[in-house]
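Q: The structure is given below, and queries will be raised subsequently.
The values are calculated or read from the model by the stated rules, or taken from the named source; none is laboratory data. Note that the structure is predicted; figures quoted are calculated from it, not measured. With ideal geometry, Cβ positions are generated from the backbone for all residues, glycine too; neighbour counts draw on all protein chains shown. Areas reflect the complete protein model, heavy atoms only, side chains present, ligands, DNA and RNA absent. Shrake-Rupley method; radii C 1.70, N 1.55, O 1.52, S 1.80 Å.
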Amino acid sequence: MTMAPNKLNSSVNENGSCSPSENGFARSFSLFPAEADHELLQSSIQESDGHLIEFSEALRTVAKALRRAAEGKASAQAEAAEWKRKYELERARNLKLDHKVQSCRVNQGDLDGLKLDSPAKKLVFCDEADELSERCCSRHGICSHEVLRDGNPDSDSKMLRKASFKLSWCSKGEQSDQHKHDIVSFERGNITTAERSSKQISLKWESCPQTVLILTKPNSVSVQMLCAEMTRWLREQKKLNIYVEPRVRKELLNVSSYYSFVETWKDDKEISLLHTKVDLVITLGGDGTVLWAASMFKGPVPPVVPFSLGSLGFMTPFHSEHYREYLESILKGPISITLRHRLICHVVRDAAKSEYETEDPILVLNEVTIDRGISSYLTNLECYCDNSFVTCVQGDGLILSTTSGSTAYSLAAGGSMVHPQVPGILFTPICPHSLSFRPLILPEYVTLRVQIPFNSRSPAWASFDGKDRKQLAPGDALVCSMALWPVPTACQVDSTNDFLRSIHEGLHWNLRKTQSFDGPRDL
Ligand SMILES: NC(=O)c1ccc[n+]([C@@H]2O[C@H](COP(=O)([O-])OP(=O)(O)OC[C@H]3O[C@@H](n4cnc5c(N)ncnc54)[C@H](O)[C@@H]3O)[C@@H](O)[C@H]2O)c1
Ligand SMILES: Nc1ncnc2c1ncn2[C@@H]1O[C@H](COP(=O)(O)OP(=O)(O)OP(=O)(O)O)[C@@H](O)[C@H]1O
């Protein structure tokens, strides 16, 4: 009996041997047909081929329709999540304003009786408070003029003022409030680009900073000692209010009860209001402490002064030995600032019952990675940019990185090193199973979506600045775009000098022995 080879997995060539076919669909026929049978067979093969082609066309159409449906659903969900976030922000802001108006309604008798512990602190009367809170609580800015009642119930209800500051472009090194016109202008039909300025951003205090938050790397004796010494100096020499994490306050009180003036918080709600109280954040640790500091602010971030007490120190330009000089100059201002843009990431679950059932967005300063986790299979990630299909990542995973994160995981995975002020999102595959998959740098205004296909062999895992891993099941998606609130980090010199220093000192970039002078040369 003539065995016809398996219809779907092999084809028979002219010398009668089987060979695998490209797409698994192939012709097949027995080896010794009679003449009449041969014609019959030929016509039925052509007919079945036609059906197969129609069938695969139909499959492709269905797959496209499914993809489009998934696209539409995920972008609708992301949009709904964005509206929900804005609604909740607005609601929280209104509640806060109501609370402020209520808490400012103190009668004159209470005001007279109140003792002020320093002439600098001024009580604001009701109408002025209304006007102030209206005027200065900018939509997404840091409320720098807002008059606040401190959260401590047993205090004599003193009001804390947040220092106001102004950011400006430096033009060719001079301080200049000159508004920079658009990058490209179309006057008189000529397309020109703005004259190049240093574009270095400078922060100038309009009132003196009063409150500092110190964040320290845990489990480090040297960091604890520096924190205690710096806290004492800031209090005694600079008369500043100091906030630290609950863990750090305990560590300081273990050193001495002198540190009882240091303030902390009780819960996450107080953390969410830190940006309205803190004028400056000081980090004592490495890059991870800077990431930790950024993760504490889900919205506007006060200026951060990162002191280097880690191993690498890409984002920590200040050496701790000279902290007094650095802080003197920073508290006086102006300060050169690097605005480190962040990505905002939404996990959109296929199982979500409605578009309002979304998880809180996560902000990252370095990158978000989507990888295969403990699974032994290749990832299969469908990537979209502004809803256009980009590619399917088959490998260990994908990194979506900020320019600040371009020198971290993305670099290790083969991505480029990008100056932190270059606006862009890095699209870097992790060990792609394809020789032609090179990393991309996309504009900062795009929205990226990474979809886990329904036919994926395994779930994927998302991690945010290397932390908080979340499993993504088939049908789930991660939507990511540039966040509204960058992390303003103080520069030791300026953004470019600090960046070049960090790649030289941190990575020994292009450190090479110089070729000796003697030897052959062009005459
Ligand atoms: N293979 C890798 O290179 C790899 C793997 C995992 C995580 N990471 C990076 O570690 C970061 C988390 O840092 P961590 O300190 O919390 O964890 P960690 O303590 O494991 O530090 C990882 C290393 O990455 C360095 N690093 C962090 N941010 C950097 C940046 N922006 N530029 C250059 N180097 C940077 C740190 O200095 C540290 O040496 C993640 O965001 C990721 O970028 C890198
Ligand atoms: N205040 C904090 N509370 C909890 N964890 C923190 C805090 N600060 C830093 N971390 C975590 O501690 C880890 C180490 O911090 P960091 O990276 O600053 O020190 P390092 O690893 O010694 O320095 P480098 O990153 O330069 O190698 C990081 O993973 C970071 O997430």
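Q: Which residues, taken from segment 271-282, are within 16 Å of ligand 2 (Cβ to nearest atom) and farther than 15 Å from R247 by Cα? Break it down into steps so the answer makes sense when it comes.
A: First, the residues of segment 271-282 that are within 16 Å of ligand 2 (Cβ to nearest atom): 271, 274, 278, 281-282.
Of everything in segment 271-282, those that are within 16 Å of ligand 2 (Cβ to nearest atom) and farther than 15 Å from R247 by Cα turn out to be L274, V278, V281, I282.
Q: Determine which member of the set P302, P306 is within 23 Å of K199 (Cβ to Cβ) and either out of contact with any Phe, Trp or Tyr (no Cβ under 9 Å at 6 or more places or on another chain) or away from ligand 1 (no atom under 16 Å from the Cβ) (or both).
A: That would be P302, the only listed residue that is within 23 Å of K199 (Cβ to Cβ) and either out of contact with any Phe, Trp or Tyr (no Cβ under 9 Å at 6 or more places or on another chain) or away from ligand 1 (no atom under 16 Å from the Cβ) (or both).
Q: Sticking with this structure for a sec: Return the residues of segment 271-289 that are away from ligand 1 (no atom under 16 Å from the Cβ), open to solvent by 10 Å² or more (accessible area, probe 1.4 Å) and not hydrophobic (A, V, I, L, M, F, W, C); say none if nothing qualifies.
A: We begin by selecting, within segment 271-289, every residue away from ligand 1 (no atom under 16 Å from the Cβ); these are 271-282.
Narrowing the set further to residues that are open to solvent by 10 Å² or more (accessible area, probe 1.4 Å) leaves 271-273, 275, 277.
Passing the criteria: S272, H275, K277.
Q: When you scan segment 457-509 for strands (runs of 3 or more DSSP E) that lie fully inside it, which ones turn up with 2 or more residues that are under 22 Å from the mean Cα position of the chain (by Cα) and away from ligand 1 (no atom under 14 Å from the Cβ)?
A: 467-472, 477-482, 487-490
Q: Is it true that some residue in segment 256-267 is under 27 Å from the mean Cα position of the chain (by Cα) and either within 21 Å of P486 (Cα to Cα) or of a type in the set (A, V, I, L, M, F, W, C) (or both)? Reasoning before the result, please.
A: Filtering segment 256-267 for residues under 27 Å from the mean Cα position of the chain (by Cα) gives 264-267.
Narrowing further to those that are either within 21 Å of P486 (Cα to Cα) or of a type in the set (A, V, I, L, M, F, W, C) (or both): 265.
The answer is yes, given that some residue of segment 256-267 is under 27 Å from the mean Cα position of the chain (by Cα) and either within 21 Å of P486 (Cα to Cα) or of a type in the set (A, V, I, L, M, F, W, C) (or both).
Q: Looking at (1) away from ligand 2 (no atom under 16 Å from the Cβ); (2) within 30 Å of Q394 (Cβ to Cβ); (3) at pLDDT below 95, which is the only condition L523 fails?
A: (2)
Q: Next up: Is one or more of the residues making up segment 248-264 modelled with pLDDT under 95, away from ligand 2 (no atom under 16 Å from the Cβ) and farther than 15 Å from Q224 by Cβ?
A: Checked against the condition, which is being modelled with pLDDT under 95, away from ligand 2 (no atom under 16 Å from the Cβ) and farther than 15 Å from Q224 by Cβ, segment 248-264 yields no hits at all.
Q: Only one of these conditions is not met by D268: (1) of a type in the set (D, E, K, R); (2) within 16 Å of ligand 2 (Cβ to nearest atom); (3) in contact with a Gly (Cβ under 9 Å, 6 or more places away or on another chain). Which number is it?
A: Checking D268 against (1) of a type in the set (D, E, K, R); (2) within 16 Å of ligand 2 (Cβ to nearest atom); (3) in contact with a Gly (Cβ under 9 Å, 6 or more places away or on another chain), the one that fails is (3).
Q: So which residues in segment 447-498 are aliphatic (A, V, I, L, M), open to solvent by 20 Å² or more (accessible area, probe 1.4 Å) and farther than 14 Å from R372 by Cβ, if there are any at all? First the steps, then the outcome.
A: Taking segment 447-498 as the starting set, the residues that turn out to be aliphatic (A, V, I, L, M) are 448, 450, 452, 460, 462, 472-473, 477-479, 482-484, 487, 490, 493.
Remaining after also requiring open to solvent by 20 Å² or more (accessible area, probe 1.4 Å): 473, 482, 484, 493.
Those that are aliphatic (A, V, I, L, M), open to solvent by 20 Å² or more (accessible area, probe 1.4 Å) and farther than 14 Å from R372 by Cβ: M482, L484, V493.
Q: Right, here's the next one. Test K239 against the criterion of being more than 16 Å from ligand 1 (Cβ to nearest atom), over 20 Å from the mean Cα position of the chain (by Cα) and on the phi > 0 side of the Ramachandran plot, and give yes or no. Show your work before the answer.
A: Values: more than 16 Å from ligand 1 (Cβ to nearest atom): yes; over 20 Å from the mean Cα position of the chain (by Cα): yes; on the phi > 0 side of the Ramachandran plot: yes.
So K239 fits the description; yes.
Q: Only one of S404, S416 is closer than 28 Å to D494 by Cβ, at pLDDT 95 or above and open to solvent by less than 30 Å² (accessible area, probe 1.4 Å); which? Outline the logic, then answer.
A: Values: S416 fails: open to solvent by less than 30 Å² (accessible area, probe 1.4 Å).
Selected residue: S404, the only one of S404, S416 that is closer than 28 Å to D494 by Cβ, at pLDDT 95 or above and open to solvent by less than 30 Å² (accessible area, probe 1.4 Å).
Q: Pick out the one residue from I399, I330 that is more than 18 Å from the chain's Cα centre (by Cα) and open to solvent by less than 60 Å² (accessible area, probe 1.4 Å).
A: Matching residue, one of I399, I330: I330.
Q: Wholly within segment 319-433, which strands (runs of 3 or more DSSP E) include no fewer than the required count, namely at least 3 residues that are within 12 Å of ligand 1 (Cβ to nearest atom)? Give the steps one after another, and end with the answer.
A: Values: elements: 335-340, 343-348, 362-364, 367-371, 381-385, 388-393, 397-401, 425-430.
Strands (runs of 3 or more DSSP E) meeting the threshold: 367-371, 397-401, 425-430.
Q: Of all residues in segment 311-327, which are touching a residue at least 60 places away in the same chain (Cβ under 8 Å) and either open to solvent by less than 10 Å² (accessible area, probe 1.4 Å) or not basic (K, R) (or both)? Lay out the reasoning, then the answer.
A: Filtering segment 311-327 down to residues touching a residue at least 60 places away in the same chain (Cβ under 8 Å) leaves 312-315, 317-318, 320, 323-324, 326-327.
Answer for segment 311-327, where residues must be touching a residue at least 60 places away in the same chain (Cβ under 8 Å) and either open to solvent by less than 10 Å² (accessible area, probe 1.4 Å) or not basic (K, R) (or both): L312, G313, F314, M315, P317, F318, S320, Y323, Y326, L327.
Q: Let me ask another. Does E382 qualify as being touching a residue at least 12 places away in the same chain (Cβ under 8 Å), open to solvent by 50 Å² or more (accessible area, probe 1.4 Å) and out of contact with any Asp or Glu (no Cβ under 6 Å at 6 or more places or on another chain)? Spell out how you get there, then give the answer.
A: Values: touching a residue at least 12 places away in the same chain (Cβ under 8 Å): yes; open to solvent by 50 Å² or more (accessible area, probe 1.4 Å): no; out of contact with any Asp or Glu (no Cβ under 6 Å at 6 or more places or on another chain): yes.
Taking the combined requirement at face value, the residue does not satisfy it.
Q: Can you pull out the residues in segment 440-456 that are farther than 18 Å from E382 by Cβ and assigned to a loop (DSSP other than H, G, I, E, B)?
A: Matches in segment 440-456: P443, E444, Y445.
Q: Take the residues in segment 292-308 that are in a loop (DSSP other than H, G, I, E, B) and open to solvent by less than 40 Å² (accessible area, probe 1.4 Å), then tell me which one is nearest to ligand 2 (Cβ to nearest atom). Full working, then the answer.
A: So the first thing to find is which residues in segment 292-308 are in a loop (DSSP other than H, G, I, E, B), and the list is 296-303.
Then drop every residue that is not open to solvent by less than 40 Å² (accessible area, probe 1.4 Å), which leaves 296-297, 299-303.
Numbers: M296: 9, F297: 13, G299: 19, P300: 20, V301: 15, P302: 16, P303: 18 Å.
Among those residues, the one meeting the criterion is M296.
Q: OK, next. Whether any residue in segment 461-478 is more than 22 Å from F314 (Cβ to Cβ), within 16 Å of ligand 2 (Cβ to nearest atom) and out of contact with any helix residue (DSSP H, G or I) (no Cβ under 7 Å at 6 or more places or on another chain) is what I want to check.
A: The answer is yes; a qualifying residue exists.
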